[in-house]
Amino acid sequence: MKKALFLLLFSVLPLQDLLAQRQLSGCVQDEGGGLPYATVQLTDSAAVTLSTAADERGCFQLQVPESGVYHLWITYVGYEDYYQQVEITQDTHLEIRMQPGIQLKGVEITASKPLISPTADGMTMSWSNTEALKGLTMQQALTRLPMLRKKADGLPEMVGKGRTVYYLNGRRSFLPQEQIKTLLESLPAEEIERVELVLNPGAEYDEQGDVAIVKIYLRKGSLYSRYYLNAWTLQRTFNSQGGNLTWAKQGKWNSTLTLGASNNITYHIYKNDIMERDGSAASYNDSRNIGRGGLATWLSWIASHTKPSGQLWEVQMSGHYSTNQNSPSRDFNNFRQERYVGNTVQTVAMGKQNNSTMGIDGGGTLGLFYEQPLKKGKLTLNTVFSYYNKETEGIMSYEDYLSNDEDRRRQYVLQSIRSLYNKVDYEGALSEKSVLMAGVYGAYSVNGNDTRWWQWQQSGYVLEEKNSFVYDYREHYITPYVAWRKQWSARWQSKVGLRVENTFNEGFLNGERKFENTYFNPLPDLSILFVQNENHTWQLQSRGSIRRPAFWELNPYRFYSAPNYYVENNPFLQPSYNISNTLSHIIRQKIVLGLVWSYTGRQSAQMLLEDEEGNNAYKRLNAADFHSGSIFANYTESFWQERGQLNLSAYGGYFQYLPYTAYESIISDAINFTWSTSGTLTLVPVQKEGKVLSVDIGGYLQGPFNQMNMQIAPLFSFYVDTNYNFGDWTISLITDDLGRNYISRLDVNMYSRISKQWMYQDARYVQLRVRYSFGSRIAKSQEGRLDKGDIGQRVGK
């Protein structure tokens with residue numbers, strides 16, 4: 001009996017110890033009060049790693065499994081990291097005071113549910129309910145943030161901006177956009193620490209045109225190694241499949257490795273009718289395209305390491321390869337040309353084209369990033385080498401039904417791009433509230449294009465010298481910049497900068513130099529942030545930028561795709577110069593109102609003209625100056641105990657082309673208007689331990705708008721995105737672009753012609769995606785004790 005009681009008592013002791021867990025609690029504050037949603041991490045010298053986020057008051061709680069010495073690390077945007085070694089033998093409560101950092105990254109606004117934290121350049125964004133993100137990919141989670149909206153088959157885009165560029169870990173990524181998209185679709189949303197949105201990139205950013213930057217910072221902290229297996233099938237007119245394996249590891253080196261493969265098939269329909277205004281002639285074209293991407297494979301790897309001294313190393317590497325040689329892309333075109341004589345219609349040409357194209361393409365990037373802390377700042381170096389090669393071969397068959405003529409041609413195109421990019425930055429504190437930034441960046445690229453045509457003659461193909469050429473293009477630019485950021489008071493912050501673009505390019509046709517150009521452009525920028533109170537914040541940004549013409553736009557070769565139709569680009573095309581100004585107002589961190597006005601000089605366009613012999617020719621020219629103005633609004637609201645979120649966006653604008661004298665008869669200078677609205681409703685009906693069900697319902701409507709002389713009818717789309725996460729499994733079902741079908745286009749002023757075009761984009765699809773997380777493990781430490789430098793490595797600092 002005594003032995004039985006002893007065994008019973010012995011078996012209860014571990015349970016009693018488990019129930020007697022210690023609790024560490026505390027509140028994170030600054031001089032103004034609590035800091036909501038600060039990141040709290042606690043670790044010991046073995047395998048225990050705990051993390052949480054403070055609540056809206058800045059307070060947190062952690063259940064500690066056993067007594068011992070722990071290392072507490074707390075981070076908050078705009079503040080210096082807080083570190084403390086604490087011995088926990090019983091329930092412990094701490095009052096923690098954070099100190100503002102010298103980086104002046106942002107002015108934090110205290111509110112119950114901070115979704116937006118404004119900065120001089122833009123804003124830092126977060127989610128009000130991170131638990132509801134379980135099961136989502138990074139890309140899906142981004143569409144729940146203010147100012148970002150879903151884009152079909154692409155990365156989310158910024159409301160009111162012409163282009164959105166993505167940075168990883170706050171640094172410019174040279175990974176192809178498709179691989180960035182794949183990475184964000186592979187990793188769960190919980191891997192994101194925060195997102196920064198730069199509305200008007202300043203002098204320190206090497207970005208062209210009307211662009212916004214989305215900076216994604218991956219989470220750092222506990223030691224782990226996780227594997228995510230993704231597979232999907234996508235049904236459009238044709239079916240596509242794909243899958244990838246992603247490995248995310250944090251420890252001495254924080255790294256992310258993704259391997260994947262997929263195939264992609266698209267289907268497009270085009271119908272184009274061209275009629276003379278006097279009714280003398282007309283032509284009709286009906287085309288269909290089946291684009292087969294074939295088998296595509298890719299690899300991307302990002303690894304970073306921070307030493308205890310603060311030195312940071314990061315490597316970004318990617319590679320991709322695809323081929324459709326086993327299943328070429330196909331183009332089918334039926335056409336008819338008519339001539340009217342009185343009431344008689346005479347068909348002068350009628351036939352069809354049947355083309356097939358196959359090829360391979362591949363490339364890769366290798367980037368190195370280094371950061372060295374200095375006494376009052378930091379020095380960063382970035383070098384990236386990239387290479388791309390594409391080889392295609394096509395057979396083009398043309399048959400004229402009237403004369404039974406047949407024309408068969410074969411085309412071979414080899415394109416290669418090699419580039420080297422370098423950037424050196426310095427950032428240092430001039431005082432407690434003043435920062436100086438200076439540096440230089442530039443690139444050198446070599447582009448080659450070898451195009452050859454053969455025509456079938458009786459028993460074989462004969463090379464066409466007229467349509468064969470070798471075009472080489474070289475460009476290099478160097479841009480020094482300087483910027484100064486100052487926080488004048490708790491309410492005022494400003495930044496002023498200047499960069500000077502120096503660009504040189506040259507082109508060679510069949511080994512003979514055909515042109516060389518030199519551009520010199522000083523580009524200023526100014527940003528002002530005014531915090532009226534915790535409910536109202538104002539931002540003003542003004543930025544100058546250029547858009548350098550691409551190498552193919554400068555190609556001097558006249559490219560014939562039909563006997564009387566060719567494309568001729570312009571080797572003396574000048575870059576477009578842009579001044580963009582943005583005024584935004586953030587209300588209660590839920591409403592963002594904006595006003596944008598901009599001017600673009602030397603706007604380029606590719607226009608359909610007639611040459612002196614009556615041939616149709618597409619020519620690219622500096623044709624006009626361009627004025628535009630727009631307003632945008634975004635409203636975000638959480639409800640149903642933060643299980644629901646409503647995100648509404650609206651955009652409206654006008655633009656006006658001021659054509660140069662030579663093109664006044666081609667380009668209309670009338671003021672044109674456009675608008676768009678979008679909305680997303682998020683519901684999380686199930687949010688239990690280990691299970692989350694979420695549904696995102698969204699829509700997009702864009703009003704009729706004009707582009708040069710092209711009027712485009714309204715576009716609309718509708719999607720439903722359902723995700724169910726249980727344990728290690730996530731199942732997603734997405735139906736996208738349920739409403740969008742045909743796009744109708746009308747050219748209203750092209751000499752004496754009226755042109756109507758209809759295009760079907762094959763945009764509707766249903767996608768089933770499955771993700772499984774496996775192999776997760778906590779990394780073991782062999783050390784008995786850790787000092788502050790070691791724990792810095794543990795949490796990725």
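Just so you know, all these numbers are worked out from the coordinates, no wet-lab data involved. Model, not experiment: these values are computed from the prediction. Because the Cβ atoms are built from the backbone with ideal geometry, glycine has one as well, and the counts that use them run over all protein chains shown.
Toward the positive end of the charge dipole of the chain, about the Cα centre and with charges on Cβ (Lys, Arg +1; Asp, Glu -1), which of 203, 313, 335 goes farthest?
It is 313.
In whole angstrom, note down how far apart the Cα centers of segment 175-221 and segment 62-83 are.
Computed from Cα coordinates, the inter-centre distance equals 27 Å.
So how strong a dipole does segment 116-218 carry about its Cα centre when Lys and Arg Cβ are +1 and Asp and Glu Cβ are -1, to the nearest 20 debye? Write out the running numbers ahead of the final one.
Working: 12 positive and 14 negative charges, 45 e Å.
Result for segment 116-218 is approximately 220 debye, rounded to the nearest 20.
Once you charge only the Cβ atoms, +1 for Lys and Arg and -1 for Asp and Glu, what is the size of the charge dipole of segment 542-652 about its Cα centre, to the nearest 20 debye? Walk me through the numbers on the way to the answer.
Numbers: 10 positive and 9 negative charges, 130 e Å.
For segment 542-652, the charge dipole is close to 620 debye.
For the cross-link pairs 150/619; 151/390; 161/590, which exceed 25 Å when the distance is taken from alpha carbon to alpha carbon?
On the way: 150/619 34 Å; 151/390 27 Å; 161/590 20 Å.
Too far apart for the 25 Å limit: 150/619; 151/390.
Run the dipole for the chain about the Cα centre, Lys and Arg Cβ at +1, Asp and Glu Cβ at -1, nothing else charged, and hand back the magnitude in debye, nearest 20.
Working: 79 positive and 79 negative charges, 339 e Å.
Charge dipole, the chain, about its Cα centre: 1620 debye, nearest 20.
For segment 509-523, just list the computed ³J(HN,Hα) in residue order, Karplus coefficients 6.51, -1.76 and 1.60, θ = phi - 60°, integers in Hz, with x standing in for Gly and Pro.
Along segment 509-523, the couplings run 10, 6, x, 9, 5, 10, 6, 8, 10, 10, 10, 9, 9, x, 10 Hz.
Using the Karplus curve 6.51 cos²θ - 1.76 cosθ + 1.60 with θ = phi - 60°, what ³J(HN,Hα) values do you get for each residue of segment 22-39, in whole Hz, with x for Gly and Pro?
Taking θ as phi minus 60°, the curve returns 8, 10, 9, 10, x, 10, 9, 9, 10, 5, x, x, x, 9, x, 6, 5, 8 Hz for segment 22-39.
Along the positive direction of the dipole of the chain (beta-carbon charges: Lys, Arg +1; Asp, Glu -1; about the Cα centre), which of 85, 138, 117 reaches farthest?
About the Cα centre, the residue reaching furthest to the positive side is 85.
With just the Cα atoms defining each centre, how far is segment 385-406 from segment 342-375? Give it in Å.
Segment 385-406 and segment 342-375 have Cα centres spaced 13 Å from each other.
Taking +1 at the Cβ of each Lys and Arg and -1 at the Cβ of each Asp and Glu, which of 490, 439, 389 sits farthest along the dipole of the chain towards its positive end, judged by Cα position relative to the Cα centre?
490
Whose amide H sits under 5 Å from the amide H of residue 576, counting only residues 5 or more places off or on another chain, with H placed in the peptide plane?
Residues meeting the amide H criterion: 547.
Nearest 10 degrees, 0 to 90: what angle lies between the long axis of helix 2-19 and the longest principal axis of the chain (Cα atoms)?
50 degrees
Sum -39500 (n - 2.57) across every DSSP H segment of at least 4 residues in the chain, then divide by the residue count to get the 222 nm mean residue ellipticity, nearest 500. Don't skip to the end; give the middle numbers.
On the way: 4 runs with 40 residues, N = 797.
Taken over the chain, the calculation gives -1500 deg cm²/dmol.
Could you sort the peptides 473-483, 277-287 by per-residue average Cβ neighbour count (10 Å cutoff), highest mean leading?
473-483, 277-287
Could you sort the peptides 458-471, 358-371 by per-residue average Cβ neighbour count (10 Å cutoff), highest mean leading? Write out the running numbers ahead of the final one.
On the way: 458-471: 12.6, 358-371: 17.7.
Ranking, from highest mean packing down: 358-371, 458-471.
Give me the three principal axis extents of segment 116-218 from the C-alpha atoms, as integers in angstrom, largest value leading.
37, 29, 23
May I ask for the angle, rounded to the nearest 10°, between helix 177-186 and the longest principal axis of the chain, with both axes built from Cα atoms and the value confined to 0 to 90°?
40 degrees
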